[in-house]
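Below is one structure; the comments refer to it alone.
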Amino acid sequence: MTDSVLVSEVSEDSLLVSWRLAAGELPSPRLAQLIGGLGQYLASTYAAQILNVIPAYNTLLVQRKVLGITAAELTDAIQQWLIEYSPHARAVPHCHQIAVWYDISVAPDLVALCALHRLTESQLVELHTEPEYTVFAVGFQPGFAYLGYVDERLQTPRHASFRAEVAAGSVAIADRQTAIYPSASPGGWQVIGRTPTPPNHGQFSAGDTVRFIAIDRAEYLKLGGLV
């Protein structure tokens, strides 16, 4: 596993662990679990020496306390973990079930995406709820998880310009990714539904899995959803 990984010093206090991918290769759920596992190991084992770990699709940024641990010591720890633990990792990812109401009243792009992809609303909902998605990264805003991958029949680019505000809990698509807006913010993703329970900071970790469960208006309101 270590021959496909590069550990490099990118600033005075940060290391970047990068997994090499072939041209056109998409990061796999297995890779997301490895990155998440390494991040959790470093954050717990070196809690007094590390400031932050930031997982992404095929990288892990590790910010250290300069006086707490040297770059060489941290690099050795990372490489040792990769040698000893990665080939035998059997961690079961945490699975989140997210209730979503797919309806034009909370999903401004639902009708347009159905027309674009020549789908009925029920077909679009079925395609979006069928996969088990993997959390590949968390960023943009606290709790915003980048999930992959949507069915190719739903692949849709971002809007050319941002909306001034996307409602908290909005479930949206951008290319082969899908995500949930944890709080109201500007955004350019294609909104196809809304969950009554927006995610909180720290809810998702790299390597977790997510399943969307379609609900109706009554259940959405019962769970505290806003229209």
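A short reminder: the numbers here are calculations on the coordinates, not readings from a lab. Predicted, not measured: the structure shown is a model, and the values here were computed from it. Cβ: placed from backbone, ideal geometry, glycine included. Neighbour counts: every protein chain shown.
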Original post:
What angle do you read, to the nearest 10 degrees and between 0 and 90, between the alpha-carbon axis of helix 29-45 and the longest principal axis of the chain?
Top reply: 50 degrees
Subject >> Low-density loop positions, GluC sites (Glu not before Pro), region 126-191 - DSSP coil, at most 12 other Cβ in 10 Å >> reply: 132
**OP:** Please identify every one of the trypsin sites (Lys or Arg not before Pro) in region 18-79 that sits in a loop by DSSP and has no more than 10 other beta carbons within 10 Å of its own beta carbon.
**Re:** 20
**OP:** Quick one: dipole size for the chain, taken about the Cα centre, charges +1 on Lys/Arg Cβ and -1 on Asp/Glu Cβ, in debye to the nearest 20.
**Re:** 300 debye
Original post:
In percent, how large is the relative contact order of region 2-88, given Cα pairs closer than 8 Å and 6 or more residues apart?
Top reply: 31 percent
**OP:** Mind giving me the nanometre distance, one decimal, between the label points for residue 85 and residue 218, set 7 Å out from Cα along Cα→Cβ?
**Re:** 4.8 nm
Original post:
Please state the relative contact order of region 82-172 as a whole percent: Cα pairs under 8 Å, 6+ residues apart?
Top reply: 20 percent
**OP:** Calculate I(q)/I(0) for the chain by the Debye formula, one identical point scatterer on each C-alpha and no solvent, and give its log10 at q = 0.09, 0.10, 0.16 Å⁻¹ to two decimals.
**Re:** -0.42, -0.51, -1.07
Subject >> Mean separation of Cα contacts under 8 Å (6+ apart) over length of the chain, as relative contact order % >> reply: 22 percent
Original post:
Once Rh for region 148-204 is found with the Kirkwood sum over Cα pairs, what is the Stokes-Einstein diffusion coefficient at 10 °C and 1.306 mPa s, in µm²/s?
Top reply: 137 µm²/s
Original post:
What shape does region 90-221 take by its C-alpha gyration tensor, where a ≥ b ≥ c are the square roots of the eigenvalues and a/c under 1.5 counts as rounded, a/b above b/c as prolate, and the rest as oblate?
Top reply: rounded
**OP:** Quickly estimate the mean residue ellipticity at 222 nm for the chain, helices only: each DSSP H run with n ≥ 4 gives -39500 (n - 2.57), and the total goes over all residues, rounded to 500.
**Re:** -7000 deg cm²/dmol
Original post:
Alpha carbon centre of region 54-73 versus region 177-227: separation in Å?
Top reply: 31 Å
**OP:** Filter the GluC sites (Glu not before Pro) in region 1-89 to those in DSSP coil with at most 12 other Cβ atoms within 10 Å of their Cβ, and list the result.
**Re:** 12, 25
Original post:
How much length, in nm to one decimal, is gained on full extension between residue 11 and residue 122, taken as 0.36 nm per residue of separation minus their Cα-Cα distance?
Top reply: 35.0 nm
